[in-house]
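Down below is the structure, laid out as structure tokens.
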Amino acid sequence: MIFDVLTIFPGFFTSPLAESLLKKAIDKGLIQIRVKNLRDYAKDKHRMTDDYPYGGGAGMVMKPEPIISAVEEVKAEDPDTLSVLFTPQGKRFDQQMAREMIGQKHFVLICGRYEGLDERVHLAVVDREISIGDYVLTGGEIPALVFIDALSRYIPGFLGCAQSVEEDSFAHGLLEYPQYTRPPVFREMAVPEVLLSGNHAQIFRWRRRESLRRTFQRRPDLLDRAQLSDEDRGFLRELQTQEGMAGG
Ligand code: ADE
């Protein structure tokens, strides 16, 4: 998978891409990340990438020419490239969107600064506008890293072989069950007995129920879309009854 990243702050990407699994994926050739400085696409002698807004107002607006030239350069090299602009006005990013995007092999990611981007950029070269959540960041660099990270996890060989994206929270629409490791008792907090039992069927059932319990308590909105068995529904009814009794 190739990510071309357009930014006026290329240094932003140095350490996140030099650590941990993203670094390994780059070293293994599973992902290729090419960070391009938008200033290199500015034509004027001061290499300006922003300018004052027509009509007045606070803040600067990113000029259209450098971004459009940079996107067109990437698309000329590979016409199948999908261009993504990060903005709080975009469609909300989630696990399902990440999954839907993994068929795409080449992205050009446009990191705008939050104050704004000349509207003609959207019209000329943007295929998708994506928001990573309902809050405002200073620019699209962190969203671009979030996007790269979430998609890369789907590439075969990216995660260790024991791990699978399909075991993640959200993959089945539920939050994850609690995990424990040694020691068995820490500050009088004991690991649940069932996890030490070696009984895999019981462990599986306990984990499923804890996932359901967490989702019910923390993110009940996810339950509407989750794939639930009859047994799951029965357990959720029990939780509802318990809650009703505690409340009343
Ligand atoms: N740029 C600024 N805030 C953002 C957000 N929440 N998502 C994507 N891009 C952004």
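Per residue, the chain exposes 61 Å² of solvent-accessible protein surface, assessed with a 1.4 angstrom probe and all protein chains in place. Listed by chain and number, the lysines whose C-alpha is less than 22 Å from the C-alpha of LYS63, apart from same-chain residues fewer than 8 away, are LYS36, LYS43, LYS45, LYS75. In a DSSP loop and with at most 11 other Cβ atoms within 10 Å, the trypsin sites (Lys or Arg not before Pro) in segment 173-237 are ARG187, ARG225. Measuring between their Cα centroids, segment 200-216 and segment 1-71 lie 44 Å from each other. Could you please state how large a percent of the accessible area of segment 185-247 is carbon and sulfur, counting protein chains only and using a 1.4 Å probe? Carbon and sulfur atoms account for 49 percent of the accessible area of segment 185-247.
Among the trypsin sites (Lys or Arg not before Pro) within segment 1-60, those in coil by DSSP and having at most 10 neighbouring Cβ atoms inside 10 Å are LYS43, LYS45. Put the Cα centre of segment 132-152 next to the Cα centre of segment 220-248 and the gap is 33 Å. In terms of its C-alpha gyration tensor, segment 66-115 has an oblate overall shape, because the principal axis ratio a/c (a ≥ b ≥ c, square roots of the eigenvalues) is not below 1.5 and a/b does not outweigh b/c. Rounded, prolate or oblate: which fits segment 59-149, taking a ≥ b ≥ c as square roots of the Cα gyration tensor eigenvalues, rounded meaning a/c under 1.5, else prolate when a/b beats b/c? Oblate, because a/c is 1.5 or more while a/b does not exceed b/c. For chymotrypsin sites (Phe, Trp or Tyr not before Pro), the sites in segment 32-141 that DSSP calls loop and that have at most 16 other Cβ atoms within 10 Å are TYR54, TYR114, TYR135. Sorting MET97, MET60 by accessible area puts them as MET60, MET97; the probe is 1.4 Å, largest comes first, and only protein heavy atoms count.
Just checking the listed ones, PRO143, PRO79, PRO66: in the Gaussian network model of the chain with Cα springs under 10 Å, the one fluctuating most is PRO79. Among beta bridges identified by DSSP and lying wholly in the chain, the antiparallel ones come to about 20 percent.
The values are calculated or read from the model by the stated rules, or taken from the named source; none is laboratory data. For clarity, every value in this text was computed on a predicted model and none was experimentally measured. Positions of Cβ are backbone-derived with ideal geometry, glycine not excepted, and every protein chain shown enters the neighbour counts. Heads up: the accessible areas ignore ligands, DNA and RNA and are worked out on the full protein's heavy atoms, side chains in. Shrake-Rupley method; radii C 1.70, N 1.55, O 1.52, S 1.80 Å.
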